[in-house]
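In what follows, a structure is listed as structure tokens, so that the remarks can point back to it.
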Amino acid sequence: MGIIGKNKSALNEQEGIEQPDSLNNAAAQKLMQNRKKKQEVAQLFAGIKAGDKTALSRSITLIESTTQQHQKQAKELIALCLPFANKSQRIGITGVPGVGKSTFIEAFGKLLTSQGHKVAVLAVDPSSTVSKGSILGDKTRMEELVKDDHAFIRPSASGDALGGVARKTRETIILCEAAGFDTIIIETVGVGQSETTVHSMTDFFLLLKLAGAGDELQGIKRGIIEMADTIVINKADGENVKAAKLAKVEFNRALHLYPAKESQWTPKTVTCSALHNEGIQEVYELINDYILQTKKSDYFNHKRTEQNKFWLVQTIESQLKSDFFSNPKIKAALKKQLALIEEHKTTPFEAAEVLMKIN
């Protein structure tokens, strides 16, 4: 009898090698977790589209998280929301601490909601450089607006981000727009370079100033005036009315010293008292005039496109920096170079050159 005849089992199907139960269980659990996370993202997206503020808040928390899994979910959520974004007016509001930003935003926000708008306020609170903590008190300072059904206020800690606004704020804008908010207000910390960052993600940039605080000439010196589409002298009430009118004249003179804006918009200075709700309507009308003018000239869309290009480069730079410093070889070499700097055996420039040559 031939070999095949002797070993009939050669033609039979052999039993496969069974995987250990622990591996099968681990794979099943991972699959279940992935499905659960996808369901969570889908549920959050459905909530956002339905205008659910709780779902929106949870989604923003997901964006602000630094864990890898949350970042993955955030990307999926942003991808779902993106087709429903870019349908709002984005207004940046800045000013030094104490200028009355929160009071102004509440009065302005209430006016907007009374006109049928849905308003989202992204208020950035400065983080302590010592404790890293943040008070996040904007909701308590906007008692009336926070109770408005057509308003959403999200205070966030600035952390280590430049001026507290960066990529996460950009992504939060997308979520708010997908939730149906047609006006997004971004309040900056009002210190450092935060104004430049906010200017790069908003359509209209409003600068709040105080009269009689020695700020007039200082404001003229700073490049912030160049970015402002309107200057609002706040707290123009009581004994401050005369000083506010003088400040208005000074700032209007200063604005004429700057070259014409690409938008062909002529920046204006107005006075208001957010506390007494005076002058807020004039600011609202100014912003409407600006939006109409820039949309008619197509500068509005042009600016949005340029901002997207800017944030493309910023995102690449941020990712390269993150990848660079998370490289194990770089971590070890950086420690060594820092020690050499402490011992005065190298310079920061030489050390940087050494690190940049590491593959």
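What number of residues in region 205-236 are at pLDDT 55 or above, at negative phi, not β-branched (Val, Ile, Thr) and not in a helix (DSSP H, G or I)? Explain how you work it out, then say what you get.
Looking only at region 205-236, we keep the residues that are at pLDDT 55 or above, and these are 205-214, 222-236.
Checking the rest, the ones that are also at negative phi come to 205-211, 213, 222-234, 236.
Checking which are not β-branched (Val, Ile, Thr) leaves us with 205-211, 213, 222-223, 226-229, 234, 236.
Narrowing further to those that are not in a helix (DSSP H, G or I): 205-211, 213, 222-223, 228-229, 234, 236.
Total meeting the criteria: 14.
Can you tell me how many residues within region 269-288 are part of a strand (DSSP E or B) and over 13 Å from Val241 (Cα atoms)?
Just the residues of region 269-288 that are part of a strand (DSSP E or B), to begin with: 269-271, 273, 278.
From what is left, the residues that are over 13 Å from Val241 (Cα atoms) are 269.
Count: 1.
For region 161-187, the tally of residues that are surrounded by 21 or more Cβ atoms within 10 Å (Cβ to Cβ), modelled with pLDDT of 85 or more and assigned to a loop (DSSP other than H, G, I, E, B) stands at 2. Pairs are defined by a Cβ separation below 6 Å, a sequence spacing of at least 6 or placement on different chains, a first member in region 334-359 that is farther than 17 Å from Lys321 by Cβ, and a second member that is of a type in the set (S, T, N, Q); the pairs so defined are Leu340/Thr346.
Across region 89-106, what is the number of residues that are outside any loop (DSSP other than H, G, I, E, B) and within 19 Å of the chain's Cα centre (by Cα)? Quick ask: steps written out before the conclusion?
Quick first cut of region 89-106, residues outside any loop (DSSP other than H, G, I, E, B) only: 89-94, 101-106.
Remaining after also requiring within 19 Å of the chain's Cα centre (by Cα): 89-94, 101-102, 105.
Residues in region 89-106 being outside any loop (DSSP other than H, G, I, E, B) and within 19 Å of the chain's Cα centre (by Cα): 9 in total.
Just one of (1) more than 29 Å from Thr197 (Cα to Cα); (2) at pLDDT 90 or above; (3) not acidic (Asp, Glu) fails for Asn359. It is (2).
What number of residues within region 114-160 satisfy the criterion of being of a type outside the set (Phe, Trp, Tyr), under 12 Å from Ile185 (Cβ atoms) and either at pLDDT 55 or above or assigned by TED's automatic domain parsing to the domain that holds Thr61 (or both)? It would help to see each step written out before you state the result.
Narrowing region 114-160 to residues of a type outside the set (Phe, Trp, Tyr): 114-151, 153-160.
Narrowing further to those that are under 12 Å from Ile185 (Cβ atoms): 117-124, 138, 142, 145, 151, 153-154.
Filter once more, so that each one left must be either at pLDDT 55 or above or assigned by TED's automatic domain parsing to the domain that holds Thr61 (or both): 117-124, 142, 145, 151, 153-154.
Number satisfying all stated conditions: 13.
For Lys357, the criteria (1) under 30 Å from Trp265 (Cα atoms); (2) exposed (fewer than 13 other Cβ atoms within 10 Å of the Cβ); (3) of a type in the set (Lys, Arg) hold in every case but one, which is (1).
Collect the residues in region 248-265 that are of a type outside the set (D, E, K, R), at pLDDT 90 or above and closer than 17 Å to Leu207 by Cα, keeping them in residue-number order. Before the answer, list the steps.
Going residue by residue through region 248-265, those that are of a type outside the set (D, E, K, R) are 249, 251-252, 254-260, 263-265.
Filter again for at pLDDT 90 or above, leaving 249, 263-265.
Once the filter is applied, which keeps residues that are of a type outside the set (D, E, K, R), at pLDDT 90 or above and closer than 17 Å to Leu207 by Cα, region 248-265 yields Val249, Trp265.
For Ala260, state whether it is exposed (fewer than 13 other Cβ atoms within 10 Å of the Cβ), assigned to a loop (DSSP other than H, G, I, E, B) and either aliphatic (A, V, I, L, M) or touching a strand residue (DSSP E or B) at 6+ places or on another chain (Cβ under 8 Å) (or both). Yes: the conditions hold for Ala260.
Could you please find all residues in region 78-99 being at positive phi and touching a strand residue (DSSP E or B) at 6+ places or on another chain (Cβ under 9 Å)? Break it down into steps so the answer makes sense when it comes.
Filtering region 78-99 for residues at positive phi gives 86, 95, 98.
Once the filter is applied, which keeps residues that are at positive phi and touching a strand residue (DSSP E or B) at 6+ places or on another chain (Cβ under 9 Å), region 78-99 yields Gly95, Gly98.
In region 284-297, the residues that are closer than 12 Å to Ser263 by Cα reach residues that are hydroxyl-bearing (Ser, Thr, Tyr) and outside any helix (DSSP H, G or I) with C-beta atoms within less than 7 angstrom, at least six apart or across chains, in these pairs: Thr294/Ser263.
Of the residues making up region 237-257, those that are assigned to a loop (DSSP other than H, G, I, E, B) and touching a residue at least 40 places away in the same chain (Cβ under 8 Å) number 1.
Can you tell which of Ile48, Ile60 is under 24 Å from Asp149 (Cα atoms), at pLDDT 90 or above and either in contact with a strand residue (DSSP E or B) (Cβ under 7 Å, 6 or more places away or on another chain) or outside any helix (DSSP H, G or I) (or both)?
Values: Ile48 fails: either in contact with a strand residue (DSSP E or B) (Cβ under 7 Å, 6 or more places away or on another chain) or outside any helix (DSSP H, G or I) (or both).
After applying the criteria, what remains is Ile60.
The values are calculated or read from the model by the stated rules, or taken from the named source; none is laboratory data. What you see is a predicted model, and the numbers here were worked out from it, not measured in a lab. Note: ideal-geometry Cβ built from the backbone for every residue, glycine included; neighbour counts use all protein chains shown.
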